[in-house]
Amino acid sequence: MLHCSGLGAFATDPEKQLGGSRLCLLAAQERYRFEPDDEWGPGYDYDVFDCVKDRMLADRELALAAVQTHGARVDRLPLWLQADREIAMVALRTHAPNTRWHCLSEDFWDDREFVRQVVDRAGRGDLIRYASASVRADRDIGHLSVLNSAGNALRYLAEELRSDAEVAWTSLKLLHHSVWHQKESSRSFKACTQYVGQSLLSDATFVAEMVRLNWQWLQYLNGEMQTNLAVVYAALDESGFALEFVPESIRRDKAVVAHALASGCTCCSDGQHRNGWTQIADFVHKDAVEVWSDRELVMALIRQRGRMLKFASPELRADRNVALASDSVKFASPSLWSDRRFILSVALTRKICLDWVAQELRTDPEIVGVAGADPC
């Protein structure tokens with residue numbers, strides 16, 4: 001049974017029961033709630049707009065009372081009342097966050113003060129999408145919209161505001177926070193950057209600050225910015241894994257690779273990545289002769305990924321200490337596998353295979369004794 005203060009009891013089909021305008025007006029001034037034993041379930045809020053027919057809402061007095069009670073449903077009003085300023089302001093004062101604002105007359109969305117109040121009181125900056133072009137170019141309203149939408153309203157602003165460094169930066173910081181801290185956020189890293197004005201995305205100083213905030217944004221920049229060394233180093237300062245998004249030509253640069261390895265990762269306290277299967281070494285270009293000829297860099301790379309020894313220069317693959325530092329010693333130079341002392345020293349710490357050993361040593365009793373019987 002449905003109860004309403006001062007009206008007594010009504011059946012659960014209010015549209016049939018509340019037929020008169022006067023009774024509907026009284027109903028609009030009350031809040032209905034079903035009792036626990038009602039078929040709709042305990043605590044069901046009964047919307048006054050469910051109590052009246054569309055034709056009754058053409059009565060302005062009734063419509064105004066209904067909006068005072070449940071202003072979110074302005075979509076039920078006839079068009080001429082959706083353009084009524086008093087009704088719009090009542091909805092703004094009483095039900096700002098939930099009102100179906102897009103149903104109001106377009107005239108309201110060309111009114112700067114009205115849009116500012118809607119964005120502010122409703123706490124929904126995304127409503128700026130319904131505003132006229134001139135309002136979407138208003139800096140104060142645009143900035144407020146960004147603040148009240150976790151940065152997402154940037155996409156709806158005029159180009160000049162999306163190219164405003166302060167507005168765009170505020171949006172990026174909020175979007176960055178949202179992506180990292182909301183487990184089921186629908187925003188991707190790409191969405192965080194795709195609405196920033198093109199003039200800012202071509203400004204190396206601004207872009208460098210962007211990737212310092214979030215190094216993963218490097219992958220969504222234009223080619224010019226991805227090859228800008230100031231931008232690349234700014235991203236690598238935050239994580240060596242930014243090397244993945246650096247163009248191939250830059251990944252051949254020994255200094256860039258060294259910087260990535262020095263930065264390490266941000267998910268492990270000592271900067272040495274242990275989570276997951278990927279390592280910074282996986283993103284080093286395999287034909288980067290300058291990198292694979294540098295002993296210090298090769299040592300660092302094979303500590304991360306032992307099999308990278310196979311890309312080292314012939315001189316380094318023949319270096320005893322470099323080869324022993326790898327857990328994939330089979331890629332050592334054939335000259336080392338012709339060295340009996342080297343073979344026996346390797347066998348002390350790991351399994352070896354006769355196939356790796358030079359042909360003339362494969363019958364050596366001591367080597368045969370330590371070599372594995374399984375095929376390699």
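Derivation of every value follows stated rules applied to the coordinates shown; laboratory data play no part. Note that the coordinates shown come from a computational prediction; the quantities given were computed from them, not determined experimentally. All Cβ positions, glycine included, derive from the backbone under ideal geometry; neighbour counts span all protein chains shown.
Among the listed pairs 190/254; 286/351; 330/351, those whose Cα-Cα separation exceeds 19 Å are 190/254; 286/351.
Farthest towards the positive end of the charge dipole of the range 105-183, among the residues 117, 165, 176, is the Cα of 176, using unit charges on the Cβ of Lys, Arg, Asp and Glu. With neighbours defined as other Cβ atoms within 10 Å of a residue's Cβ, the residues 229, 175 order from fewest to most as 229, 175.
Just report the Cα centroid separation between the range 139-168 and the range 347-361, whole Å. Between the Cα centre of the range 139-168 and that of the range 347-361, the gap is 65 Å. Sorting the segments 199-205, 347-353 by their residues' average number of neighbouring beta-carbon atoms within 10 angstrom, most packed first, yields 199-205, 347-353. Relative protection proxy for 207-220, 110-123, from highest mean packing down: 207-220, 110-123 (other beta-carbon atoms within 10 angstrom).
In plain terms, the chain from residue 202 to residue 341 could stretch by 44.2 nm, reckoned as 0.36 nm per residue minus the Cα-Cα distance.
Using every pair of separate Cα atoms, the Kirkwood estimate puts the hydrodynamic radius of the range 334-376 at 10.1 angstrom. Note on residue 307 and residue 359: the extension gain reaches 16.4 nm, defined as 0.36 nm multiplied by sequence separation minus the Cα-Cα distance.
Quick one: net charge around residue 64, please, counting Lys, Arg +1 and Asp, Glu -1 for every other residue with C-beta under 10 Å from its C-beta. With Lys, Arg at +1 and Asp, Glu at -1, the neighbours total -3.
Counting neighbouring beta carbons within 10 Å and listing from fewest to most, the residues 109, 277, 80, 169 come out as 277, 80, 169, 109.
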